[in-house]
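Working notes, beginning with the structure itself.
The values are calculated or read from the model by the stated rules, or taken from the named source; none is laboratory data. Here the structure is a predicted model, which is why all the values come from computation and not from measurement. Heads up, the Cβs are rebuilt from the backbone with ideal geometry, glycines too, and the neighbour counts pull from every protein chain shown.
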Amino acid sequence: MVTHPDEVLPVERGGVFARERAGDPAVAVSFDPLLRQGLVLILSMAVMNGANWLYHVVMSRALGPAGYGGLSALLGLLFIMTVPATTIQMGLSALVARREVGGDGSFFATVLTRWLGGFLLLGLVLSVVPLLLSPWLATLLRLASPVPVMIAGTVLISWLPLPVVRGLLQGAQRFRTLGASFVTEGLLKLGIAALLVSIGLGLSGAVAAISLGALGALALTVLGLRSRATRRPTSVGPQDAAIFRSLLPYAVAVAAFTLLTQSDVVLVKMLFPPADAGVYAAASTGGKIILYLTAPLAMVMLPEAVRRQAHSGGGRPVLIRSARYAAIAGGALVAAYVLAPRPIMHVLFGGAYVQGAPLLWLLGLGMLAAELALLGVYYLLGTGRSAVLRWVTLQALLFVAVLWIFANSLETVAALVAVMGLVTFGGVWWPLLRRSDTALRPQRQAS
């Protein structure tokens with residue numbers, strides 16, 4: 001396979017990954033090629049996550065607990081609404097990796113030209129839904145005005161097409177352009193939010209910044225794809241229906257994990273007083289730092305595991321190393337949350353949110369377990385094994401039901417997040433650790 005020089009993150013000539021691509025025997029190096037390959041993406045996402053953290057720090061102080069609780073609930077709803085689009089990024093990355101290993105270089109251009117405009121149009125159409133439902137949603141979420149809900153709908157215009165272009169970049173391992181896309185979104189959101197809130201726009205300004213930041217990232221990412229967009233497909237591209245069918249397992253997985261990691265904030269906003277919901281939202285955001293920190297590992301792991309599985313059936317070590325790095329990084333944060341929760345909450349969000357400190361380690365543990373489970377699910381789906389979806393779907397639906405029935409205090413909600421995360425992790429990893437790749441036979445290979 002001939003690879004365009006911009007499609008793969010450059011690595012040292014003597015590294016294992018470079019020699020494997022050239023067909024030379026791999027030699028031992030001191031730096032893990034999985035980390036080398038994703039270094040640019042990891043650093044870029046570190047910048048983006050730093051900007052996201054500052055965004056939440058600034059907004060939590062500027063809006064107060066009640067306003068910040070509303071912002072977190074709106075974000076949770078947006079994440080749930082955009083599950084199909086989020087699916088596309090991870091699913092496309094696996095498909096692009098598999099097609100380019102097989103020498104089908106036209107797949108990238110075909111999907112880009114067919115889907116980008118379609119998802120942009122879909123985002124425009126769906127943005128009307130929150131507009132029409134804004135009075136009802138504002139009442140349900142205990143917001144003072146429907147305007148933030150109306151503005152939140154505009155986020156869909158960019159959030160739907162963005163995963164298409166990011167999934168193509170991820171699968172082709174163009175991590176520089178992908179990283180620039182994430183950094184642009186994070187920095188624009190932070191800067192615009194600070195400006196709009198400072199001039200008195202409050203929650204509406206905080207939500208508008210999310211929309212404008214995503215729009216700027218979309219424009220930059222599309223510009224970064226110009227070299228591939230000008231290459232016309234050399235053969236008839238795959239049928240869109242077949243591609244969507246192959247992405248369906250990813251849709252189920254993303255929907256399940258979105259419910260596991262986002263629905264608690266929305267339900268707390270509906271069931272508890274605004275100030276309490278704001279305190280919980282801050283603690284939940286602190287717990288989700290683990291997700292932000294370890295997310296690049298999943299983005300690097302999935303296409304690389306698929307490539308190695310297609311070459312030699314040896315994708316499992318990539319999963320194990322990714323999970324090890326996630327466990328080390330996330331475990332260190334959970335330990336910090338156990339040892340010094342009050343100072344951490346005070347530094348992150350201010351004195352108004354310190355009463356949420358006892359929740360921090362439970363939410364962090366739940367997020368770490370969910371992230372490790374998600375790594376396992378992505379690996380199984382990328383190698384054509386979807387039976388695990390029954391387990392994670394059951395856990396997600398059970399989680400929402402249990403929350404609704406037993407959410408009588410913030411401490412109970414946080415404990416349920418931790419327990420359900422650990423149970424989901426155990427159900428995903430128990431068969432992975434007990435059986436080898438050869439024992440876990442693919443049920444259906446994505447086309």
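Quick notes on this one:
- Filter result for V129 (in a helix (DSSP H, G or I), modelled with pLDDT under 90 and under 27 Å from S386 (Cβ atoms)): no
- Scan of region 409-433 for residues that are modelled with pLDDT under 90 and over 24 Å from the mean Cα position of the chain (by Cα), ordered by number: P431, L433
- Boolean, S436 is touching a helix residue (DSSP H, G or I) at 6+ places or on another chain (Cβ under 6 Å), part of a loop (DSSP other than H, G, I, E, B) and modelled with pLDDT under 85: no
- Test: residue in region 193-207 that is of a type in the set (A, V, I, L, M, F, W, C) and not in a helix (DSSP H, G or I): yes
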